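Undergrad: What follows is a structure written as structure tokens; I'll ask about it next.
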Amino acid sequence: MIERYVEIASTYGGNIDALILLIAALVGFWLVLCEVVFIGFIIKFREKPGVRGQYITGEEKHQKRWIAIPHYLVLVCDIVIIVFAVNIWYTVKQDLPEPDVTVRIIGQQWAWSFVHPGTDGLLDTEDDIKMVDELHVEKDKVYHFKLEARDVMHSFSVPVFRLKQDAVPGRIITGWFEATKLGSFDIQCAEICGIGHGMMAAKIFIESPEEHQKWVALNDPTEDSKHTSTVAANNAAAN
Ligand SMILES: [Cu+2]
């Protein structure tokens, strides 16, 4: 249902939507019921000529039931929500599957920096590909991200993944996702982080293995230096 408005492009996106709908349905049921009873009573017990208002304390047994029974039913709904929520929280935030790829994400006022592993597939090596406001990932691969903040708190939010994670200065927070749909989608900072917060948007590009390999090859920083050194070597040879 939510998918009609915001696509789902991660493995756990559907779980988050199901949880939101469950909460909306349970809370919505009680909201509608309460309002119907409330408005019904307002009409039924409205001022009538010759009838005096009663002061009802709600202390008698047959009156107390009106509070106690709904109270226990609401508690049951709470427990249902908590069980579902904890399960999904555990999947999304705590039980990280083994990564195929790890990327680094750095938030700062007011841009996102992304460090992708280069051709060697490893992070923190000299062929890392650094991009501003552009994250390139491969579909159907498990990604870990190491999230950092350089100045103030930011929040890494990818609506199509149903993923949101605060970035906290001084901490490196690891999270995960697995993209399930090709295309480019929005990334937005979701934590008010200063005057430029609204401009702190970026794009995620979800690519097929071939597309991604092409992109990696095209942006390989060591290829560039090899290229320049070849040019320099040619120049030196020519002189
Ligand atoms: Cu921000």
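The values are calculated or read from the model by the stated rules, or taken from the named source; none is laboratory data. What you are looking at is a predicted structure, and each value in this text was computed from that prediction instead of being measured. As a convention, Cβ positions derive from the backbone with ideal geometry for all residues, glycine included, and neighbour counts pool all protein chains shown.
Undergrad: Got a sec? Which strands (runs of 3 or more DSSP E) wholly within region 127-167 have at least 3 residues that are away from the ligand (no atom under 12 Å from the Cβ) and of a type outside the set (Lys, Arg)? Before the answer, list the steps.
TA: Details: elements: 129-132, 134-138, 142-149, 154-158, 163-167.
Where strands (runs of 3 or more DSSP E) fall fully within region 127-167 and carry at least 3 residues being away from the ligand (no atom under 12 Å from the Cβ) and of a type outside the set (Lys, Arg), they are 129-132, 134-138, 142-149.
Undergrad: For residues that are under 17 Å from the mean Cα position of the chain (by Cα) and charged (D, E, K, R), scanning just region 176-227, find the one that is nearest to residue 13 (Cα to Cα).
TA: Out of the qualifying residues, it is 178.
Undergrad: Within region 119-141, can one find any residue that is among the hydroxyl-bearing types (Ser, Thr, Tyr) and either under 16 Å from residue 204 (Cβ atoms) or not assigned by TED's automatic domain parsing to the domain that holds residue 215 (or both)? It would help to see each step written out before you state the result.
TA: Taking region 119-141 first, the residues among the hydroxyl-bearing types (Ser, Thr, Tyr) are 119, 125.
Then keep just the ones that are either under 16 Å from residue 204 (Cβ atoms) or not assigned by TED's automatic domain parsing to the domain that holds residue 215 (or both); that gives none.
There is no residue in region 119-141 that is among the hydroxyl-bearing types (Ser, Thr, Tyr) and either under 16 Å from residue 204 (Cβ atoms) or not assigned by TED's automatic domain parsing to the domain that holds residue 215 (or both).
Undergrad: For region 51-73, indicate whether the set of residues that are among the hydroxyl-bearing types (Ser, Thr, Tyr), outside any loop (DSSP other than H, G, I, E, B) and closer than 30 Å to residue 146 by Cβ is non-empty.
TA: no
Undergrad: Still on this structure: Keeping to region 49-105, report how many residues are of a type outside the set (Asp, Glu) and over 25 Å from residue 19 (Cβ atoms).
TA: The first filter runs over region 49-105 and keeps only residues of a type outside the set (Asp, Glu), leaving 49-58, 61-77, 79-94, 96-97, 99, 101-105.
Filter once more, keeping what is over 25 Å from residue 19 (Cβ atoms): 49-58, 61-69, 101-104.
So the answer is 23.
Undergrad: If you don't mind, there's one more thing I want to ask. For region 178-193, how many residues are within 15 Å of the ligand (Cβ to nearest atom) and either surrounded by fewer than 15 Cβ atoms within 10 Å (Cβ to Cβ) or outside the structural domain of residue 109 (by TED's automatic domain parsing) (or both)? Walk me through it before giving the result.
TA: Initially, region 178-193 is screened for residues within 15 Å of the ligand (Cβ to nearest atom), giving 186-193.
When the remaining residues are screened for being either surrounded by fewer than 15 Cβ atoms within 10 Å (Cβ to Cβ) or outside the structural domain of residue 109 (by TED's automatic domain parsing) (or both), the result is 186, 192.
Adding up the residues that qualify gives 2.
Undergrad: From 175, 107, grab the single residue that is away from the ligand (no atom under 16 Å from the Cβ) and modelled with pLDDT of 95 or more. Before you say what the answer is, go through the steps one by one.
TA: Working: 107 fails: away from the ligand (no atom under 16 Å from the Cβ).
Exactly one residue qualifies, and that residue is 175.
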